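For reference, the structure discussed in these notes is given below.
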Amino acid sequence: MMVYNSSFRFSVSRILPSVRTVHTAPLKAANVKITGIKTPSQPKPNEQLVFGKTFTDHMLTVEWTKASGWGIPEIKPYGNLSLDPSACVFHYGFELFEGLKAYRTEDNKITMFRPDKNMERMNKSAARICLPTFDSEELIKLMGKLIQQDKHLVPEGKGYSLYIRPTLIGTTNALGVSTPDRALLYVITSPVGPYYKTGFKAVGLEATDYATRAWPGGCGDKKLGANYAPCILPQLQAAERGYQQNLWLFGPEKNITEVGTMNVFFAFKDSSTGKKELVTAPLDGTILEGVTRDSILALAREKLDPSEWNINERYYSINEVEERASKGELLEAFGSGTAAVVSPIKTIGWTGNDIDVPLLPGEQSGPLTKDIAKWIADIQYGRVSHGNWSRIVADLNTDAI
Ligand SMILES: *Cc1c(COP(=O)(O)O)cnc(C)c1O
């Protein structure tokens with residue numbers, strides 16, 4: 001028996017790798033095929049840029065099949081996709097996306113902000129819905145080539161940037177619910193202006209406890225398209241009552257999770273000790289792992305004096321916010337995300353009352369919110385360097401990168 005067993009195991013382990021391993025092609029930036037547009041468009045004047053409505057001249061597409069892996073990446077003129085009406089993206093929501101930005105720095109280079117974080121998150125989203133994963137570094141290189149192609153369309157100026165939207169969809173043509181055996185990865189880019197044209201504009205929120213954005217064991221921590229359509233109705237209902245956005249609560253404790261499609265931070269001050277605290281919800285699977293959230297936490301830990309500030313990822317509820325506001329312990333609140341970077345909050349509607357968040361006299365935010373916005377903008381526009389957070393993708397001073 002012993003002999004039989006060990007020789008059996010020996011032969012299986014020798015056979016398995018060659019039987020099981022399917023060698024399909026990895027995503028490879030070096031294989032890119034570039035077809036340039038005949039007449040490149042002129043940049044629109046900055047004041048005409050509306051978030052996500054204007055696109056650049058080119059897009060990147062790469063097809064994937066289960067049988068052969070990733071195909072040839074193509075950079076080609078921006079245009080329609082042609083898909084079969086039975087494609088699984090249309091029926092079962094096989095779709096995920098990312099959102100990141102490229103900035104024109106003051107020395108005329110174009111940089112992407114922390115693209116490695118977005119690629120890591122994109123791969124996690126893909127794995128969750130059985131779409132193919134890829135080597136992050138290769139897609140970063142491809143996005144860089146796409147941006148180089150349209151570099152004259154990256155707008156210049158405070159608050160202006162190029163919004164980048166990588167997207168991955170399942171394209172299997174069949175109505176059975178199953179693992180997609182075909183997919184399409186594409187990237188489009190949109191020149192965008194500042195979220196708030198005239199500095200900050202603090203928003204009013206309605207705390208929502210009748211609908212839930214995400215739950216433990218769900219997939220609210222992934223950027224899946226299916227997570228977003230159900231969030232519009234509670235926002236419309238908040239808007240009917242005069243609030244710009246809704247604040248998502250979770251569970252019987254009514255813990256604060258996110259605001260609209262942004263992460264959210266609160267600052268408190270303990271009135272007995274005088275110690276201040278910057279708080280955001282922990283990454284427990286119900287919170288989208290925002291790159292802006294991560295950047296704010298890192299910068300706050302680096303820059304705020306630990307004898308004055310605690311920086312915590314912990315659970316906190318709307319009841320805590322209400323109680324601490326009544327004791328004068330609520331200092332500031334703001335949302336965080338790639339589009340607006342930071343978005344100050346001035347009031348929160350909850351059970352028929354408004355909890356007011358203090359703002360600097362005559363201004364639209366508190367002092368910490370303002371500092372954080374500046375710390376991040378300084379890095380994004382290349383005035384301050386921070387490790388590998390800015391990745392150079394084009395140099396407008398020369399033709400080469
Ligand atoms: C994208 C997103 C965020 C913000 O993530 P960033 O990487 O900072 O842009 C926060 N919450 C939700 C639900 C999101 O979709």
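The values are calculated or read from the model by the stated rules, or taken from the named source; none is laboratory data. No experiment lies behind these values; they were computed from the predicted model shown. Virtual Cβ from ideal backbone geometry, glycine too; neighbours counted across all protein chains shown. Keep in mind that these areas ignore ligands, DNA and RNA; they rest on the heavy atoms of the full protein, side chains included. Shrake-Rupley method; radii C 1.70, N 1.55, O 1.52, S 1.80 Å.
Among the conditions (1) more than 10 Å from the ligand (Cβ to nearest atom); (2) open to solvent by less than 50 Å² (accessible area, probe 1.4 Å), the only one that Glu313 does not satisfy is (2).
Residue-wise test of (1) at pLDDT 90 or above; (2) of a type in the set (Asp, Glu).
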position	(1), (2)
Met1	no, no
Arg14	no, no
Lys28	yes, no
Glu63	yes, yes
Ala87	yes, no
Leu96	yes, no
Tyr103	yes, no
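Cβ separations smaller than 6 Å between residues 6+ apart or across chains give the following pairs from the range 316-334 residues that are assigned by TED's automatic domain parsing to the domain that holds Val259 to residues that are crowded, with 18+ Cβ neighbours inside 10 Å and assigned to a helix (DSSP H, G or I): Leu330/Arg324; Glu332/Leu368; Glu332/Thr369; Phe334/Thr369. Contact list please: Cβ distance under 9 Å, first residue in the range 213-239 and away from the ligand (no atom under 11 Å from the Cβ), second residue assigned to a helix (DSSP H, G or I), pairs at least six apart or on different chains. Qualifying pairs under 9 Å: Gly218/Asn227; Cys219/Ser125; Cys219/Arg128; Cys219/Ala226; Cys219/Asn227; Ala226/Tyr92.
Scanning the range 80-118 for residues that are touching a residue at least 24 places away in the same chain (Cβ under 8 Å) and of a type in the set (Ser, Thr, Tyr) gives Ser86, Tyr92, Tyr103, Thr105, Thr111.
Among the residues of the range 296-310, the one identified as open to solvent by 30 Å² or more (accessible area, probe 1.4 Å) and touching a residue at least 60 places away in the same chain (Cβ under 8 Å) is Lys303. Taking the numbered list (1) in a loop (DSSP other than H, G, I, E, B); (2) of a type in the set (D, E, K, R); (3) more than 14 Å from the ligand (Cβ to nearest atom) in turn, Glu277 passes all entries but (1).
Considering the range 286-295, the residues that are open to solvent by less than 20 Å² (accessible area, probe 1.4 Å) and either more than 7 Å from the ligand (Cβ to nearest atom) or over 15 Å from the mean Cα position of the chain (by Cα) (or both) include one that is farthest from Tyr316 (Cα to Cα), namely Ser295. Taking (1) farther than 18 Å from Asn118 by Cβ; (2) at pLDDT 95 or above; (3) open to solvent by 30 Å² or more (accessible area, probe 1.4 Å) in turn, Cys219 satisfies each apart from (1). Taken over the range 173-212, residues that are within 16 Å of the ligand (Cβ to nearest atom) and either in a loop (DSSP other than H, G, I, E, B) or surrounded by fewer than 16 Cβ atoms within 10 Å (Cβ to Cβ) (or both) amount to 4.
For every residue, the table says whether it meets (1) part of a strand (DSSP E or B); (2) away from the ligand (no atom under 16 Å from the Cβ).
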position: Arg301; (1), (2): no, yes
position: Ser307; (1), (2): no, yes
position: Val321; (1), (2): no, yes
position: Gly335; (1), (2): yes, no
position: Ala339; (1), (2): no, no
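Across the range 32-47, what is the total count of residues that are open to solvent by 90 Å² or more (accessible area, probe 1.4 Å), at pLDDT 90 or above and over 17 Å from Gln149 (Cβ atoms)? Summing the residues that are open to solvent by 90 Å² or more (accessible area, probe 1.4 Å), at pLDDT 90 or above and over 17 Å from Gln149 (Cβ atoms) in the range 32-47 gives 1.
A Cβ distance below 8 Å, combined with a sequence gap of six or more or placement on separate chains, defines the contacts here; from the range 252-270, residues that are at positive phi reach residues that are open to solvent by 30 Å² or more (accessible area, probe 1.4 Å) in the pairs Lys254/Asp209; Lys254/Asn319; Gly260/Gln235; Gly260/Gln245. Are any residues in the range 245-268 within 16 Å of the ligand (Cβ to nearest atom), outside any strand (DSSP E or B) and open to solvent by 20 Å² or more (accessible area, probe 1.4 Å), and if so, which ones? Thr261 - this is the single residue of the range 245-268 that is within 16 Å of the ligand (Cβ to nearest atom), outside any strand (DSSP E or B) and open to solvent by 20 Å² or more (accessible area, probe 1.4 Å). Of everything in the range 362-401, what is within 21 Å of the chain's Cα centre (by Cα) and β-branched (Val, Ile, Thr)? Give them in sequence order. Answer for the range 362-401, where residues must be within 21 Å of the chain's Cα centre (by Cα) and β-branched (Val, Ile, Thr): Thr369, Ile372, Ile376, Ile379, Ile392, Val393. Within the range 69-116, the set of residues being among the charged types (D, E, K, R), open to solvent by less than 10 Å² (accessible area, probe 1.4 Å) and away from the ligand (no atom under 16 Å from the Cβ) is empty.
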